[in-house]
Amino acid sequence: MKILALGIVCLHASATCFAFQSTDICTVGRATKAFGTSIFISNGYTCGLRKYRRFYPFTQMSKNGDDDSDEYIEDADLGDWRSFRKTLVDQGISYDTTEDGYLDTDAEKSETPTISNTGSSTDRPKSVSKANEELLEKQSETLAKEYKDGVWAHEASFAEIGGLVVRMPLEAEIYKNKDKLIIGKELTTRLQNNEDVSKKNLDEPILPIAAQTLNWYQQAQVLIQEEMVVIAGSANEKGEVDPTRLPAKTEDLLRLYLNNQENWQSVCLVAEKDESDGSAVTYTLNRPLTFSLTENMAKMVFFGAMSNLITDGRIPISKTNQYSKFVRAFEKECAIYIGGSNKQDKPAVIIHGISNLEGATEISSGTGVYMGGLDAAIDGVLDGRYKPLDFRFFIGCNSYQKGGLDAAIISNQYQPIACARSLALKQCIQLPKPLWHEVMEMCGGELMEVSRLELKKRSDINPE
């Protein structure tokens, strides 16, 4: 992770601000290194990976150890299975145990705590933003109908293709690591000392889950603000901070804070995940770049930044006709997003929900989410069969190797979420309620409470 210290940095919810520029520091013990003006923080703090667990429906499990003729669910039925699993979750039936169908090679559940128990009975709202729904209807009547008729989302135990991973706020990350990190253990101590705090200071009666969430969230906020003051106070006359000279818990907080700000409230679609080598690819859905094409942007989307650089901006003769058609099709409306920090020099990836688009491939059977088919998309828009906003273009991606995504989940940076495709495919264009809040609230329970608390920090959003 590369973090540049430029100018004044505003620290979280605290009013304290400071500027820092690292010196040539290398501390192997804490795995924190800084060279020049950039701070690099390694993944040395990340806990070990648990073995990946995959859910196998009952029909896929042999009832006889000697029976080699196991039944397998057809790929086409996986979409139905996701809906069935969602129904189980809504009814409070757990699917996160070996007894209920998990083949866990460890024969035991992960000790990693979850924000709320996956599969627990949680009231999940069917609608969290009428304004967002109205906007979606203007963009795509088909997707809007699908959204209104059956949108859903719930927590999952691990990332799955077609699902989402959302970046958790710093308060939640500290709380969920309360038994692992020094800063987390400090929070645990404070919570234990405040177990008997009454609700008399609350403005109105609230549910137990809301009260519990409010308690640890506020305690974490206070802890963050206190540690930020310590960080600011350690700066020298030039405003520089040496992370290795900070107390251990303060260094913990600084590392978490910097990493959190890099991907603040990101919502990512899991497009690839290979269990054999631990690789994964996600696309950030809520980092829009532009919604109209300039000449340079069109070349970047169509050819990629590297190709554009090599050819000095000149269009290859063999691509001239198709490029011109692309510009005509999308020049007035083109949803372009920053998909992630990796592979930004490559041509943009097109993602949509059109099953019969020539050249398109479903990212995983049953998801209803497709990639590719640019040529057919261009022709379809020019013919009037499709609208430009039926498609999303992503420049770059988030690429993970050797279990990197699983590590980010286990270390409580990201929360996996299973969802209806209408939630993953909708455009993120000037949403009245940000997509991160929409997804979190759709899950209900503690995630919804965390969203509401985070929303109170935003003066630019009117609560519905």
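The values are calculated or read from the model by the stated rules, or taken from the named source; none is laboratory data. Predicted model, so just to flag it, every value in this text is computed and none were measured. Cβ atoms come from the backbone with ideal geometry, glycine included; neighbour counts cover every protein chain shown.
What the table below lists for this structure:
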item	result
For LEU164: the one exception among (1) modelled with pLDDT under 95; (2) within 22 Å of the chain's Cα centre (by Cα)	(1)
So ALA153, is it buried (at least 19 other Cβ atoms within 10 Å of the Cβ), under 17 Å from GLU446 (Cβ atoms) and either in contact with a Cys (Cβ under 8 Å, 6 or more places away or on another chain) or of a type in the set (Lys, Arg) (or both)	yes
Residues being part of a helix (DSSP H, G or I) and free of Cβ contacts under 8 Å to residues at least 60 places away in the same chain - total across region 230-247	3
Region 140-150, residues that are out of contact with any Asp or Glu (no Cβ under 7 Å at 6 or more places or on another chain), of a type outside the set (A, V, I, L, M) and surrounded by 18 or more Cβ atoms within 10 Å (Cβ to Cβ)	GLU146
SER422 among the small types (Gly, Ala, Ser), without any contact (Cβ under 8 Å) to a residue 60 or more places away in the chain and touching an Asp or Glu at 6+ places or on another chain (Cβ under 6 Å)	no
Matching residues, region 432-450, being closer than 16 Å to ALA131 by Cβ and within 17 Å of the chain's Cα centre (by Cα)	LYS433, PRO434, LEU435, TRP436, HIS437, GLU438, VAL439, GLU441, MET442
Enumeration of residues in region 141-176 that are under 26 Å from GLN221 (Cβ atoms) and among the basic types (Lys, Arg)	ARG167, LYS176
Top-ranked residue of region 453-464 - restricted to ones that are at pLDDT below 95 and either under 16 Å from ALA220 (Cβ atoms) or of a type in the set (Ser, Thr, Tyr) (or both), ranked as surrounded by the fewest Cβ atoms within 10 Å (Cβ to Cβ)	SER459
Only listed residue being farther than 22 Å from ASP390 by Cβ and among the basic types (Lys, Arg), chosen from LYS325, LYS332, LYS273	LYS273
